[in-house]
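To start, the structure itself, in structure tokens.
The values are calculated or read from the model by the stated rules, or taken from the named source; none is laboratory data. Computed from a predicted model, the values in this text were never measured in an experiment. Note that each Cβ is placed from the backbone with ideal geometry, even for glycine, and that neighbours are counted across all protein chains shown. In case anyone asks, the SASA skips ligands and DNA or RNA and just uses the protein heavy atoms, side chains included. Shrake-Rupley method; radii C 1.70, N 1.55, O 1.52, S 1.80 Å.
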Amino acid sequence: MVMKMRIIYKNTFDNTLTEKYDKNFPREDQFFANQEVAVVADGITRDPVGIDFDKAAKNIQEAVMHYPRPSGAMLAAKEVTDTFKNDFKQNLKETMILANENIRKLNEKYILKCDYLQNDYYGTVASAAFIKNHILHYSYICDCGIIVYDKDGNKIFQTEDELEKITRPFLNTIPYPWTDDRSRIITRRDYRNNLEMISDGKCVSYGALTGEKSAESFIREGTFSLHDGDTVIVYSDGFFHFFDNPEFIQFILHFDALTFEKFVNQKAQENYSLYGKEKTLIIIKED
């Protein structure tokens, strides 16, 4: 029987730029947590519809106005959290695979022909965790992750961001800017869920839950032994730059929701590129 987890906080913080132009902009981060399992899903941002991508990139207000509603990224992320909510059987990877299958059905409904641009597959990345007998069980894909601090605030475990560590150096060699359709097609067609993208005998593609069968090969899983006072955080990548911030760590050790939220929002206002994007975390304490 799974031991009950003590969830002390769970929240999504909005993207400060999109919120400026549309308070109702779709939340493409989704989460679910109870005493048995915690999961975060980060829907993959889609191309604006009916506008040149280069124009949208230069004018955030135009990009927001032409962003697809409903958001396929939000729908894909919600498929993950709904699957964990309704069908979790204490096996994280199997539940991720089931969520990917549900996203496949979603894409069969909405994407008649994938062009990797405005009609790209709906997709999401995700991370999930549960604790049993002081053992952290985790699963994740791409740049959502899990991090653990000990009772003194030392980082003792973190999952690997495979997009940045493995795939990014190859994406940086694409000879077109991101605003060029060819760049986005190459990234999504050739480097996402592509088991045949090999360099020096190693797959250099990144994974995403798009409903493609090959996505299953990019779902990671593992375990980590916990001790009294450890803090486990399940997160989307928008929180990544907070994790080495001494103030953030102190907030995690001595948690107060109101002051924590003020801190996060203040950092987002100070530096959008590091702290201002949409982000989600679930904080779990090991007693």
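When you check Lys78 against the structure, is it more than 30 Å from Gln250 (Cβ to Cβ) and part of a loop (DSSP other than H, G, I, E, B), yes or no? No; evaluated as a whole, the condition is false for this residue.
Scanning the stretch 11-60 for residues being in contact (Cβ under 8 Å) with a residue 40 or more places away in the chain and closer than 18 Å to Val125 by Cβ gives a total of 21. Selection of the stretch 225-237 for residues being within 27 Å of Thr12 (Cα to Cα), among the small types (Gly, Ala, Ser) and open to solvent by 10 Å² or more (accessible area, probe 1.4 Å) yields only Gly229. The residues in the stretch 196-217 that are touching a Phe, Trp or Tyr at 6+ places or on another chain (Cβ under 7 Å), under 28 Å from Tyr275 (Cα atoms) and in contact (Cβ under 8 Å) with a residue 60 or more places away in the chain can be counted, and the count is 3. Taking the stretch 1-75 and the helices (runs of 4 or more DSSP H) fully enclosed by it, the elements with 2 or more residues that are hydroxyl-bearing (Ser, Thr, Tyr) and farther than 28 Å from Lys93 by Cβ are at 16-21. Return a yes/no flag: does the stretch 247-261 have any residue that is under 16 Å from Lys20 (Cβ atoms) and not basic (Lys, Arg). No. Of the residues that make up the stretch 39-49, is at least one of a type in the set (Lys, Arg) and touching a helix residue (DSSP H, G or I) at 6+ places or on another chain (Cβ under 6 Å)? Yes, there is a match, as at least one residue in the stretch 39-49 is of a type in the set (Lys, Arg) and touching a helix residue (DSSP H, G or I) at 6+ places or on another chain (Cβ under 6 Å). Assess whether Asp161 counts as being within 18 Å of Phe243 (Cα to Cα) and within 17 Å of the chain's Cα centre (by Cα). Against the criterion (within 18 Å of Phe243 (Cα to Cα) and within 17 Å of the chain's Cα centre (by Cα)), Asp161 qualifies.
Looking for something of a type in the set (S, T, N, Q) and over 25 Å from Lys285 (Cβ atoms) - is there at least one such residue anywhere in the stretch 124-145? Yes: the stretch 124-145 contains one or more residues that are of a type in the set (S, T, N, Q) and over 25 Å from Lys285 (Cβ atoms).
Scanning the stretch 34-58 for residues that are over 18 Å from the mean Cα position of the chain (by Cα) and open to solvent by 40 Å² or more (accessible area, probe 1.4 Å) turns up Asn34, Gln35, Glu36, Val49, Gly50, Asp52, Asp54, Lys55, Ala57, Lys58.
Contact map, the stretch 123-143: residues that are basic (Lys, Arg) paired with residues that are in a loop (DSSP other than H, G, I, E, B) and surrounded by fewer than 21 Cβ atoms within 10 Å (Cβ to Cβ), Cβ distance under 7 Å, separation 6+ or inter-chain. Pairs shown: Lys132/Val2; Lys132/Met3.
Kindly indicate the residue of the stretch 89-114 that is within 19 Å of Ala33 (Cα to Cα) and in a loop (DSSP other than H, G, I, E, B) and also most open to solvent (accessible area, probe 1.4 Å) among those meeting that condition. Filtering first and then ranking leaves Lys89. Only residues that are surrounded by fewer than 18 Cβ atoms within 10 Å (Cβ to Cβ) and within 15 Å of Tyr275 (Cα to Cα) were counted in the stretch 18-33, giving 1.
Tyr272 meets all of the listed conditions (1) under 24 Å from Tyr140 (Cα atoms); (2) open to solvent by 20 Å² or more (accessible area, probe 1.4 Å); (3) within 19 Å of the chain's Cα centre (by Cα) but one, namely (1). When we screen Phe130, Phe170 for residues that are hydrophobic (A, V, I, L, M, F, W, C), out of contact with any Phe, Trp or Tyr (no Cβ under 6 Å at 6 or more places or on another chain), under 23 Å from Leu98 (Cα atoms) and surrounded by 13 or more Cβ atoms within 10 Å (Cβ to Cβ), the only hit is Phe130.
Listed here are the residues, each with its yes/no results for (1) surrounded by fewer than 18 Cβ atoms within 10 Å (Cβ to Cβ); (2) of a type in the set (Lys, Arg); (3) over 20 Å from the mean Cα position of the chain (by Cα).
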{"residue": "Tyr191", "(1), (2), (3)": "no, no, no"}
{"residue": "Leu195", "(1), (2), (3)": "yes, no, yes"}
{"residue": "Ser199", "(1), (2), (3)": "yes, no, yes"}
{"residue": "Thr223", "(1), (2), (3)": "yes, no, no"}
